[in-house]
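Enquirer: Below you will find the structure I want to go over with you.
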Amino acid sequence: MPGPPATPTRPLRVGVLASGEGTNLQALLDTVHGHEAEVVALACDKPDARALVRAAGAGVPSRVFPRDEHATREERDAAIAAWLGAEGVELVVLAGYMAILTPVFVGAFQGRIVNVHPSLLPAFPGIRAIEQAVAHGVEVFGVTVHLVDDGVDTGAILLQDAIRLPGTPTAGQVHDALRPLEHRLLPEAVRRAARGELRPLRAG
């Protein structure tokens, strides 16, 4: 599957959705921003998200779309999609975005939305993936970057990597250990998208 169109003479225009600390956004700003890609917009669902501070520090336009200011999730997603479209976004990156996207949004950017998930999908989809893995007693944990479809973490897998954490690590320890993998894989996915090489490894 080819990645989103990119013109060689300019960076790929990326829009980011985030809900919290924004460390994956920072990884994009520190690596691909201003090179293969340009982060041109950040949409948040929480006004106190630190991701907004990170975006401001890099001069990236941002907007907050609070959940309680829209009658339905579909209305909010339509508003976000319209704003990103007006900013000329070609690829949407979910970087710690804690809301499930509706078909309204997915349809607006079909095949052009990537998400980073803290498990080796298809194992442990959905929320609290790390806690699920710890509860199951696994020793191998990982990160997946995948395309977003109308399901929950069911889109085609693009990149994966894993680490072994023997013993009984806590969810916090696993989270900290996975951060470097996330910060490496997500920018790599954007680089591949910019080159038109965003191809699935396999179905999610």
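Values quoted throughout were computed directly from the atomic coordinates according to the rules given, and no laboratory measurement underlies them. Note that the structure is predicted; figures quoted are calculated from it, not measured. FYI the Cβ positions are ideal-geometry reconstructions off the backbone, even for glycines, and counts take in every protein chain you see.
Enquirer: Using Cβ counts within 10 Å as a stand-in for footprinting exposure, how do 145, 140 rank, fewest first?
Expert: Starting with the residue having the fewest Cβ neighbours, the order is 140, 145.
Enquirer: Same structure again: What share of the DSSP beta bridges in the range 12-194 is antiparallel, in percent to the nearest 5?
Expert: Among the beta bridges of the range 12-194, antiparallel pairing accounts for roughly 40 percent.
Enquirer: Here is a follow-up. Expressed as an acute angle from 0 to 90° and rounded to the nearest 10, what is the orientation of the C-alpha long axis of helix 171-194 relative to the principal long axis of the chain?
Expert: For 171-194 against the chain, the angle is about 40 degrees.
Enquirer: Need the full-extension length gain, residue 30 to residue 175, defined as separation in residues times 0.36 nm minus the C-alpha distance. One decimal, nm.
Expert: Values: separation 145, 0.36 × 145 = 52.20 nm, distance 2.06 nm.
Roughly 50.1 nm would be gained on extension.
Enquirer: Would you mind getting me the FRET efficiency between residue 162 and residue 50? Use the beta-carbon distance for r and R0 = 22 Å, nearest 0.05.
Expert: 0.20
Enquirer: Work out, step by step, the length gained on full extension between residue 127 and residue 69: first 0.36 nm times the residue separation, then minus their alpha carbon distance; give nm to one decimal.
Expert: So the chain would gain 18.5 nm between residue 127 and residue 69.
Enquirer: Report ³J(HN,Hα) in whole Hz for each residue of the range 117-131, in order, from the Karplus equation J = 6.51 cos²θ - 1.76 cosθ + 1.60 where θ = phi - 60°; Gly and Pro get x.
Expert: Whole-Hz 3J(HN,Hα) from phi for the range 117-131: 10, x, 7, 8, 4, x, 6, 6, x, x, 6, 6, 4, 5, 4.
Enquirer: Right, another one. Please report, in cubic angstrom per residue, the volume enclosed by the convex hull of the alpha-carbon atoms of the range 125-199.
Expert: Output value, Cα hull per residue: 84 Å³.
Enquirer: Distance in nm between label sites at residue 195 and residue 100, each 7 Å beyond Cα in the beta-carbon direction?
Expert: Placing both labels 7 Å along Cα→Cβ, they lie 3.5 nm apart.
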